[in-house]
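The values are calculated or read from the model by the stated rules, or taken from the named source; none is laboratory data. Predicted model, so just to flag it, every value in this text is computed and none were measured. Cβ: placed from backbone, ideal geometry, glycine included. Neighbour counts: every protein chain shown. For the accessible areas, the whole protein counts, side chains as well, though only heavy atoms, and no ligand, DNA or RNA atoms are used. Shrake-Rupley method; radii C 1.70, N 1.55, O 1.52, S 1.80 Å.
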Amino acid sequence: MTQKSRAVICRELNQPVVVEDIEVQPPGRNEVMVKLHACGVCHSDLSATTGVIALPPPLVLGHEGAGEIVAVGDGVSNLAEGDRIITSFINMCGQCGSCQSGRPVLCDSASQALWTLPDGTVRTQDSSGDALNVFMGCGVMAEYATMHVNNVVKITQDVPMDRAALVGCGVMTGVGAVTNTAKLEAGSTAAVFGVGGVGLNAIQGCRIAGARQIIAVDMSEEKLELAKTFGATHTVLVDASTHKTIRKITGGGVDYAFECVGNGKVVESAFASLGKGGQVIVVGVAPGDDKTTVRTLVIPAEEKAIRGSWFGSARPRRDFPRLLGLYASGELKLDELITHRYSIDEAPQAFADLEAGRNARGVIVFDA
Ligand SMILES: NC(=O)c1ccc[n+]([C@@H]2O[C@H](COP(=O)([O-])OP(=O)(O)OC[C@H]3O[C@@H](n4cnc5c(N)ncnc54)[C@H](O)[C@@H]3O)[C@@H](O)[C@H]2O)c1
Ligand SMILES: [Zn+2]
Ligand SMILES: [Zn+2]
């Protein structure tokens, strides 16, 4: 049955998001309809509204959601009505070379589900009957969404859904950058540049992995204070000598520097903060024309590296339950990440608050 749904939409670039009544079509083959309980507001949603992440409007935003399945399409055998799920903004086919080598974030099918479902069509239309694109196969900043089964991960743990939603991007991305991408060894030193929704999770990932020194770097004093509660041992307010301060704290530079801003200049500062053998892990998503310049010689001579981390190099069906388990055992902080809950009609305010840096994570809760 076609479902009426409130949804948060980017109609026009560089304009505030709008909340509209849309129609969500029932699931087709290998698809499910999800009733969302909560959806986090990630900087990548904001970047889609400014064109930094180039997804064509009109676009239903949202890719950090949790909810329950209310309808299943033909061919769906591993999910049923009533199942609770977290979204994956990567469509994971399970069959391609990347999926088969344990790197589903690089799945070949992901590039087919950037603003549509993987078959190139959408199940969403506005009140005039015009098609609406969906953020990376998700579009879950809405009461309902019809998604491909390869974009949903079933959860069995009894976790509050607003907290579960955060695992669908910010938590997985930040913690995974440390534990999956960097594979940080206990006793290492680390710096995290940008301690917002993703960076705070990189901080707690470093803490869980046993980093000896964890240096939070940000332009906001408030964010730095928050970072201490997530495990930062030191804080540095950004200035021209940030890298020197970090080299001093660590006696020569960090083993790992996580860039969680999306800015080539910050990547340069992170690189300058490395000790011998150190690596920068770039998590932030910069505009397409942004560039980073580094001294080439030190790459071989000091065995330094710059590498990327997409969705925390996740294997979502393995990692989501692990992260929820860490929450259950008290090691992973999710409650503290949510600094504001919004109704869907308050979404424009949620985006304004994100842009102004007022939240660790803001979450839209449905049926609030
Ligand atoms: N790689 C991935 O898979 C992935 C997934 C999710 C988000 N992202 C990207 O990660 C980035 C962070 O997302 P978020 O949701 O945490 O955003 P956020 O807005 O919550 O946090 C960004 C933080 O960076 C700080 N900051 C801004 N400029 C800075 C600078 N020059 N130096 C130091 N700190 C600075 C801000 O004060 C803020 O605390 C975005 O670019 C987002 O698109 C990447
Ligand atoms: Zn995100
Ligand atoms: Zn694949």
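Quick one: if you stick a label point 7 Å off each Cα along the C-beta vector at ARG358 and GLU331, how many nm between them?
Between ARG358 and GLU331, the label points sit 3.6 nm apart.
Show me 13-19, 242-248, 57-63 ranked by packing, highest mean number of other Cβ atoms within 10 Å first.
Result, highest mean first: 57-63, 242-248, 13-19.
I need the calculated FRET efficiency for the pair GLN349 and LYS265, taking r as the beta carbon distance and R₀ as 35 Å, to the nearest 0.05.
Step by step, r from the Cβ atoms, then E = 0.70.
Please list log₁₀ I(q)/I(0) at q = 0.16, 0.26, 0.33 Å⁻¹ for region 249-291, using the Debye equation with identical point scatterers on the alpha-carbon positions.
Values returned for q = 0.16, 0.26, 0.33 Å⁻¹ are -0.39, -0.83, -1.11.
Note the full-extension length gain between ARG318 and SER101 as 0.36 nm times their separation in residues minus their Cα-Cα distance, in nm to one decimal.
76.7 nm
What FRET efficiency, computed as 1/(1 + (r/R0)^6) with R0 = 22 Å and r the Cβ-Cβ distance, is obtained for LYS228 and THR50, rounded to the nearest 0.05?
Efficiency at R0 = 22 Å is approximately 0.10.
Using a 1.4 angstrom probe on the protein heavy atoms only, line up LEU354, LEU332 by accessible area, largest first.
LEU354, LEU332
Using heavy-atom solvent-accessible surface (probe 1.4 Å) with all chains present, what is the largest-first order of ARG123, ARG341?
The ranking, largest first, comes out as ARG341, ARG123.
Which aspartates and glutamates, if any, have their Cα less than 19 Å from the Cα of LYS223, not counting same-chain residues under 8 positions apart?
Straight-line reach from LYS223, under 19 Å: ASP239, GLU259, ASP335, GLU336, ASP353, GLU355.
For the chain, what size does the Cα cloud have along each of its three principal axes, sorted from largest down, in whole Å?
63, 41, 38
Defining a contact as two alpha carbons under 8 Å apart and six or more residues distant in sequence, what relative contact order in percent does region 174-309 show?
Averaging sequence separation for qualifying contacts and normalising by length gives 22 percent for region 174-309.
Debye calculation, C-alpha points only, no solvent: report log10 I(q)/I(0) for region 2-103 at q = 0.12, 0.24 Å⁻¹, in the same order as the q values.
Reported log10 I(q)/I(0), two decimals: -0.50, -1.29.
Give me the distance between the Cα centres of region 193-222 and region 117-177, rounded to whole Å.
If you average the Cα positions of each part, the centres end up 26 Å apart.
Order the following by accessible area, largest value first: SER5, SER98. Probe radius 1.4 Å; ligands, DNA and RNA are ignored.
SER98, SER5
Can you give the Kirkwood hydrodynamic radius for region 174-309, in Å, rounded to one decimal and based on Cα pairs?
It is 14.1 Å.
Just subtract the alpha-carbon distance of ALA305 and ARG11 from 0.36 nm times their residue separation and send over the number in nm, one decimal.
Extra length available between ALA305 and ARG11 comes to 101.9 nm.
Straight-line reach from LYS276: which aspartates and glutamates have Cα under 15 Å away, leaving out those fewer than 8 places along the same chain?
In chain and number order, the partners are ASP255, GLU302, GLU303.
What's the ranking of 260-266, 20-26, 42-48 by average number of surrounding C-beta atoms within 10 Å, highest first?
Sorting 260-266, 20-26, 42-48 by mean packing, highest first, produces 42-48, 260-266, 20-26.
To the nearest 0.05, how large is the calculated FRET efficiency for ASP367 and THR296 if R₀ is 51 Å and r is the Cβ-Cβ distance?
Efficiency computed from Cβ-Cβ geometry: 0.40.
Given H placed 1.01 Å from N in the peptide plane, which residues other than close sequence neighbours of ILE155 have an amide H under 5 Å from its amide H?
Residues meeting the criterion, in which the H sits 1.01 Å from N, are ARG84, ILE85, ILE86.
Enumerate by residue number the GluC sites (Glu not before Pro) in region 260-368 meeting two conditions: DSSP loop (anything except H, G, I, E, B), and at most 15 other Cβ atoms within 10 Å of the site's Cβ.
GLU302, GLU303, GLU331
Expected output is a single nm value to one decimal: the length gained when fully extending between GLN125 and VAL18, i.e. 0.36 nm times separation in residues minus the C-alpha distance. What is it?
Result for the pair: 37.1 nm of gain on full extension.
How would you classify region 90-181 from its alpha-carbon gyration tensor, with a ≥ b ≥ c the square roots of the eigenvalues: rounded for a/c under 1.5, else prolate if a/b is greater than b/c, otherwise oblate?
oblate
Counting only heavy atoms of the protein chains, get the accessible area per residue of region 150-223 (1.4 Å probe) and round it to a whole Å² value.
Using a 1.4 Å probe on heavy atoms only, each residue of region 150-223 averages 28 Å².
Which entries of LYS244/LYS265; LYS248/LYS304; LYS35/LYS183; LYS154/LYS333; LYS265/LYS333 have Cα-Cα distances beyond 26 Å here?
LYS35/LYS183; LYS265/LYS333
Enumerate by residue number the GluC sites (Glu not before Pro) in region 62-136 meeting two conditions: DSSP loop (anything except H, G, I, E, B), and at most 13 other Cβ atoms within 10 Å of the site's Cβ.
Filter output for region 62-136: GLU81.
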